[in-house]
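This report refers to the structure that appears directly beneath it.
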Amino acid sequence: MPDDSRRRRRVLPRRPVSGRRFRPAVVGVAGATLSAEERALFRELPPAGVILFARNCLEPEQLEELVVELRALFPDRRLPLFVDQEGGRVQRLRPPHWPALPAAGTIGRLFDRDPRRGRQAARLYARAIAATLAAADLDVVCAPVLDLHLAETTAAIGDRSFGGDPHRVAALGRIVCDTLLSCGIVPVIKHLPGHGRARCDSHLELPRVDARADLLEASDFVPFRACRDAPFAMTCHCLFEALDSRHPASLSAPIVRGVVRGRLGFCGILLSDDLGMGALVGSPKDRARAAWAAGSDLVLWCDGDVGRTAEVLAALPEADTALEARLAAALAAARRPETIAEPRDLARQLADTISAADARDP
């Protein structure tokens, strides 16, 4: 990675954040560099972390400058930087500057035909994701998706899932989480307690799930319970009639506290899905307060609009020392190795593994 000290000095903010506790939110930024308004906002209302999108990741040198700029704002702590890098349709670091990876569904179908090769592919998939993020000095990947892909599943999930068998999804999710952690990247399992029975896209409207609680327990919950020791998890904006007929999971204390924390046994840092999605109603501050009151440790606001982001941050209390310690412990779960293979080499190995299986069993 180039180390041009003159270029680095050019992007440093004039006044870093110091002595302020963060607000429990992970937020987006608008573009390829920070605006003066964003720097001022983060000095006044520091977020817990920042999530990056394709609009922020144009090419490696630009991304490096943005990461340096963000990190320099927070000299008292390492600001965690999040990104959705699942492979397939959901890759924020995109070709030609970063390697393309297959969707999770491709890994799942390979596992169905050849479990040994499927496990091998899952490890390579996770290593390639980790190497891509590590090279960019990012910390947290919002993956793997542990939702089931069923007959009724909305295309918004589709091949982002490893498949419809809960035990297959659990096995592959476990491999991906463990491999990411061993490569120094923190995973976020999603979307608890399960988005697979949603028939519509929660980016646009609120899905209503009418499945019985015992069916959810025996199927949708299985992968999340298997990976309940993950350091981070993300809730979904789905309304489950059998669990809470009034509120989507992300805003439901009975689901967050009773199901996610209770029946599923998840003890890590719980992040809401993006509160700007069309499934929810109300102002940004009302959504943020509702997710926080329901039991989320951190809320997610992604659109990069500085006014709405300020409204979300101002609506939340400063983090207490207990949350600071829990977040630090979750981030420390990843063990960054001394050397990491080149992302493109790992992507080629993964493609070769899938191609070899396809040739053997077309």
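Can you bin the range 234-362 into rounded, prolate or oblate? Criterion: square roots of the alpha carbon gyration tensor eigenvalues sorted a ≥ b ≥ c, rounded for a/c under 1.5, prolate for a/b above b/c, oblate for the rest.
Taking the square roots of the gyration eigenvalues as a ≥ b ≥ c, the range 234-362 is prolate.
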request  = Could you work out the relative contact order of the chain, using alpha carbon pairs under 8 angstrom and six or more residues apart, expressed as a whole percent?
outcome  = 19 percent
message = What distance in nm lies between label points placed 7 Å from Cα along the C-beta direction at ARG344 and ASP229?
response = 3.8 nm
task = Using the Cα centre as the reference, give the magnitude of the dipole from point charges on the C-beta atoms of the chain (Lys, Arg: +1; Asp, Glu: -1; all else neutral), rounded to the nearest 20 debye.
result = 620 debye
query = Whose amide H sits under 5 Å from the amide H of ALA25, counting only residues 5 or more places off or on another chain, with H placed in the peptide plane?
reply = ALA48, GLY49, VAL299
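If you count, for each residue, the other Cβ atoms within 10 Å and average over each peptide, how do 345-357, 300-312 line up from highest to lowest? Write down the numbers at each step before the final one.
Values: 345-357: 17.4, 300-312: 19.8.
Highest to lowest by the protection proxy: 300-312, 345-357.
What percent do you get for the relative contact order of the range 54-138 when only Cα pairs under 8 Å and 6+ apart count? Kindly include the intermediate steps, with their values, before the conclusion.
Values: 61 pairs, mean separation 24.5, N = 85.
That works out to 29 percent.
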query = Near ALA126, within a Cβ-to-Cβ distance under 13 Å, what is the net charge of the other residues, with Lys and Arg +1 and Asp and Glu -1?
reply = +2
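So in the chain, what percent of DSSP beta bridges are antiparallel if you round to the nearest 5? Present the calculation step by step, with values, prior to reporting the outcome.
Working: 2 of 28 bridges.
Among the beta bridges of the chain, antiparallel pairing accounts for roughly 5 percent.
Which FRET efficiency value, to the nearest 0.05, is calculated for HIS97 and SER355 with the Förster distance at 25 angstrom and r the Cβ-Cβ distance?
On the way: r = 24 Å, r/R0 = 0.94.
Calculated transfer efficiency: 0.60.
Can you sort VAL68, VAL188 from fewest to most other Cβ atoms within 10 Å of each residue's own Cβ? Intermediate values should be presented prior to the final figure.
Working: VAL68 16, VAL188 27.
With the fewest neighbours first, VAL68, VAL188 line up as VAL68, VAL188.
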Residue list for the range 297-331, given a label point 7 angstrom along the Cα-to-Cβ vector of ALA253 and an amide N cut-off under 15 Å = 297
query = Excluding ARG78 itself, what net charge comes from residues whose Cβ is under 11 Å from its Cβ, given Lys and Arg +1 and Asp and Glu -1?
reply = -1
ask   = Stretch ASP114-GLU61 to full length: gain in nm at 0.36 nm per residue minus the Cα-Cα span?
value = 15.1 nm
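Any read-out appearing in this document is the output of simple, stated calculations on the displayed coordinates, not a laboratory observation. Because the structure is predicted, anything quoted here is derived from the model rather than measured. Methodologically, a virtual Cβ is constructed for each residue, glycine included, from the backbone with ideal geometry; neighbour enumeration extends over all protein chains shown.
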